[in-house]
Structure formats: structure tokens, C-alpha cells
Amino acid sequence: MRGQWGTRLGFILAASGSAVGLGNIWGFPFMAGQSGGGLFVLFYLACVAVIGLPVMIAEIMVGRRAQRSPVGAYGRLSGDKAMWKLVGWMGVAAGVLILSFYSVIAGWTLDYTVLSIRDAFAGRSPGDIEALFAERTGERPGGVIFLHALFMVMVIAIVAGGVEKGLERAVRILMPLLFVLIVGLLIYGTTLEGFGEGARFLFVPDLDEFDAGAALAALGQSMFSLSLGMGAILTYGSYLRRKDDIVATSTTISLLDTFIAVAAGMILFPIVFTYDLGTAGGEGLIFEVLPAFFENMPAGQLVAIVFFALLFFAALTSALSLLEVVTATVIDQLGWRRLTAAAAVGGGIFVLGLPSAHAELLPFWEDLFGMGFQESLVFLIYNVFLPLGGLLISVFAGWVLTRSASYEEFTAGSRLAGLYPGWLILVRFIVPIGILLVFVTTWAEMFFPDLLSSEGANE
Ligand code: PHE
């Protein structure tokens, strides 16, 4: 007999634990900063509503229907078609790749928690704090690798031991705490001199800045942030009780996740403009910017400690879902014991993560591919794996799953059953076509830059 969540709340907590993580607080602001602000945010919100939400419903539906992790689920519901099982494996591969760099960044949050406890930001100028990040991540590989290892050990222990009960309880307390802290910081942030400029950057789209790459980045970011396109939510859905309402649940999770991402951006950019730090900071953005904010507020040290610790915890609950997908697949497909599976897979992911922790381990990479190892993984996940995974799951739910099956899953326990025809149109047509369109324009722009750019024609 397969395990189940005790309550619908248990599922909501676990799934939002998966969704809310580094993607919201580290990823969203950094992607928005690099992709020109307002236009990216507009695309992002559209992607969540039109693509993310229907895909989340589809994933939970497929997981619950099949009672399996991704590979088994696609196999079972497609009459054992090898092509669909391959899609399941693609999700598992994505989980491995994501966790390998996710763990490194989670290690940074741990480092910054300890730095806050040691009051290491005291007396430093915003410029110094910005420079500190390069020092912490670039000049002490031993420390970064140690924290990466520590984080992976924790994730393995929890996934292997199945202490989900304790975890459910912790999420119940810490998630609302994170939420309250974010709202508090948001309110305090309105007092900053750069607030107006930050808000304008984030919410006023600059149409001259349009480039298709921003659309694909927004699509990838929305999939990443909602934990979609690789089977994490599908796997969690397989533990959901028959009678629970998939539609309302998915809506709740998507709204919560999106609120936290946008709020994180609303906290960050006013700081950037207040201290003149530059919006395109990249992966280090939150670490370079936030400590300066904490330094200049009352009880700032305490706020910094709590913030980075909660961020670490949010990363942990997301990482659990990543390792769970891979572990559940190994258990379902190879019949390994849970402990063996989690330890073997987690150990492998740790090794794969080493070049993300310390780029010098693969010195030729950057010359060969024009970007760092970790950056390449992020690029591949955002631009290929997750959007493609989302496209395929929506085709699967819309066209392969029988209508009676999807209808039954959609309407079980739901007061929103009347939305079924709308959802079906979305997953059958709008989502696949939308994702394809973004793909084609972006790749076209990347490989044939003259084709789409009006500047090219004017020159
Ligand atoms: N959604 C998580 C975050 O925003 C990351 C994640 C992606 C988790 C895919 C599981 C699957 O941090």
C-alpha cells in the first residue's frame, strides 16, 4: 500500500514546501534583474496563470491517477509506451541536475546565516558587502564544498528516514513565519529612498527592452518556481487522497508561490536603487544586496539571522521534493530499499554538484561553452528541460489520458468542476502552442539574431 498524506493540508504544506524555495527569493529577483524588469514580470505572471496553473493540475492528476512516480506513471497510463516513459526519465534527469546546483546555493544561505550570527556585515559599506560575496564563494572552495556536503547529507537523511511527519509540523510553523517576515520586510522597504524606482523597474514594462529570451526566461522561471515540468508535483500528487480537490489546491499553491516571488523582488530592487548596486547582479544578487538592507534597520542582525535561516529551511523542503522524485523512481523501477536508493542517488548528486561549488574543478568548461558550469546547468534547466517537460505533460494530460479519467480527477471533491472544459482547452491547445511559440522565437533569435531584430534591418 502506498503512503498517503494525512490531510489535504498535509499535501498543501508539502507541495508549497516544494514550490517555495530558492527559486522565489534567489531566482526570481536575479532573473528579473537580468531580463529587464517589468516586461519579464509581466510575462512571468502570464506564464503562471495560463501555463503554470493548468500544468500543475495536470501533474497532480497524472500522479494521483497512476499512483506512481513519473516513469511508472507515464508507463502505466500510456499502455507502457517507451516514448512516454522516456519523458518520465527526462524529468528524473532534470531533478538530478537541479539538485546538484541547488544544494550549492543552499550552502551559501547557510554560510550567510552563520555570517549574520557572527555579525560579519557590521560596519561594512554596501559596496564592501557586495564584494564579500565573491570572496565567500570564490576564494574558499573548502568551505563551499563542505556546506554543499552538509546540505546533501541532511536531504538524504530526511528522504531516507521518511521523517515527513516531523517535517510537516515544521513546515506548518516555519512557512507562515517566512511569509510574515517577507510581508514585514516589504512594508519596511517602502521607507527606502529607492522604493519608487525599484517598483517602477519591477512593474512598468519597458517595451523597447523586448527580447524573446526574456519570455523563455520567464517561462522557465515560472516552471522552476512552481516545481513543475519534471515530476516533483506529480510524485507528491501520487500520495494525495482520492477525495481531495486538485483544482482549489493547485490554485492556492500557485498564488502563494507567486506572491512570495513578487514580494522578494519588491524587497530587493528598492535596495538596489537606494544603494546604487546595479540590477544585473546575477546569481549573487540577494547575497550582495540584502545584508546592506539588514545592516541599516533596527534589530537588523536578528532579522538577518532569521531571514537566512528561513531561506535555508525553504531550500531544504524544496530539495526534499527533488531527491524524492529520483529516489521514488529508483525504488519503483529497481526495487531498491529506500535508504540505499536515497544514499546512492544523493551521493551521486553531490559529486555532480562539485564543479558548481568550485568551478576550477573543470577549468576548460568556461572556454568551451562560454559560461560557467553552474550557469550552464541553470540555462539548460530553464530553457530546455522544464519548458519541454511542461509541454509534454500537458499533451499527455490533454490527449493521452482518457477524458473520463481526467474528468474524474478534475472534479473529485471540487466545487470548481465547471472549469473542466476550460482546463481541457488550455492543456490541449493553449499550453502546448504557447510553449512552442516561446521556444521557436527564442531559439530563432539566439541562432539567427538578424531574423527578428528591427535594429539589424535599420543599420
Ligand atoms: N520550486 C523550487 C524553488 O522555487 C525548486 C524546485 C524546482 C523544486 C523543481 C522541485 C522541482 O526553489
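A few points about this structure:
- Here the condition is being in contact (Cβ under 8 Å) with a residue 40 or more places away in the chain, among the basic types (K, R) and open to solvent by 40 Å² or more (accessible area, probe 1.4 Å); of R124, R64, R118, it holds for R124 alone.
- Residue check for V114: in contact with a Ser or Thr (Cβ under 7 Å, 6 or more places away or on another chain) and in a helix (DSSP H, G or I): no
- Scan of region 185-200 for residues that are in a helix (DSSP H, G or I) and open to solvent by 40 Å² or more (accessible area, probe 1.4 Å), ordered by number: L186, I187, Y188, F195, E197, R200
- Highlighted here are the helices (runs of 4 or more DSSP H) found entirely within region 267-376 that include at least 1 residues which are open to solvent by less than 10 Å² (accessible area, probe 1.4 Å) and more than 16 Å from the ligand (Cβ to nearest atom): 285-295, 300-334, 338-357.
- Flag if F364 is without any contact (Cβ under 8 Å) to a residue 40 or more places away in the chain and within 21 Å of the chain's Cα centre (by Cα): no
- Test for F40: is it assigned to a helix (DSSP H, G or I), within 10 Å of the ligand (Cβ to nearest atom) and farther than 17 Å from F313 by Cα: no
- G389 vs. criteria more than 22 Å from A46 (Cα to Cα) and under 22 Å from the mean Cα position of the chain (by Cα): no
- Positions within region 234-250 being in a helix (DSSP H, G or I) and within 16 Å of T327 (Cβ to Cβ), in sequence order: L234, T235, Y236
- Evaluation of M31 against the conditions (1) part of a helix (DSSP H, G or I); (2) over 20 Å from A214 (Cβ atoms) shows that the sole unmet condition is (2).
- Residue in region 203-210 that is at pLDDT 90 or above and open to solvent by less than 20 Å² (accessible area, probe 1.4 Å) present: no
- Options M90, M83, M56: the member that is free of Cβ contacts under 8 Å to residues at least 60 places away in the same chain, of a type in the set (A, V, I, L, M, F, W, C) and within 22 Å of W399 (Cα to Cα): M83
- Filtered by the rule that a residue be of a type outside the set (S, T, Y) and surrounded by fewer than 19 Cβ atoms within 10 Å (Cβ to Cβ), region 396-420 gives W399, V400, R403, A405, E408, A412, G413, R415, L416, A417, G418, L419.
- Residues of region 1-29 that turn out to be open to solvent by less than 10 Å² (accessible area, probe 1.4 Å) and either within 14 Å of the ligand (Cβ to nearest atom) or among the aromatic types (F, W, Y) (or both), as a count: 16
- Of all the residues in region 46-57, those that are away from the ligand (no atom under 16 Å from the Cβ) and open to solvent by 20 Å² or more (accessible area, probe 1.4 Å) number 3.
- Among residues of region 238-266 being within 16 Å of the ligand (Cβ to nearest atom) and either among the acidic types (D, E) or open to solvent by 30 Å² or more (accessible area, probe 1.4 Å) (or both), the one that is modelled with the lowest pLDDT is Y239.
- The set of residues from region 74-111 being away from the ligand (no atom under 16 Å from the Cβ) and in a helix (DSSP H, G or I) comprises Y74, G75, R76, L77, A82, M83, W84, K85, L86, D111.
The values are calculated or read from the model by the stated rules, or taken from the named source; none is laboratory data. Nothing here was measured: the structure is a model prediction, and the numbers come from that model. Here the Cβ is made from the backbone with ideal geometry for all residues, glycine too, and neighbour counts use every protein chain on show. Accessible surface areas use protein heavy atoms only, side chains included; no ligands, DNA or RNA. Shrake-Rupley method; radii C 1.70, N 1.55, O 1.52, S 1.80 Å.
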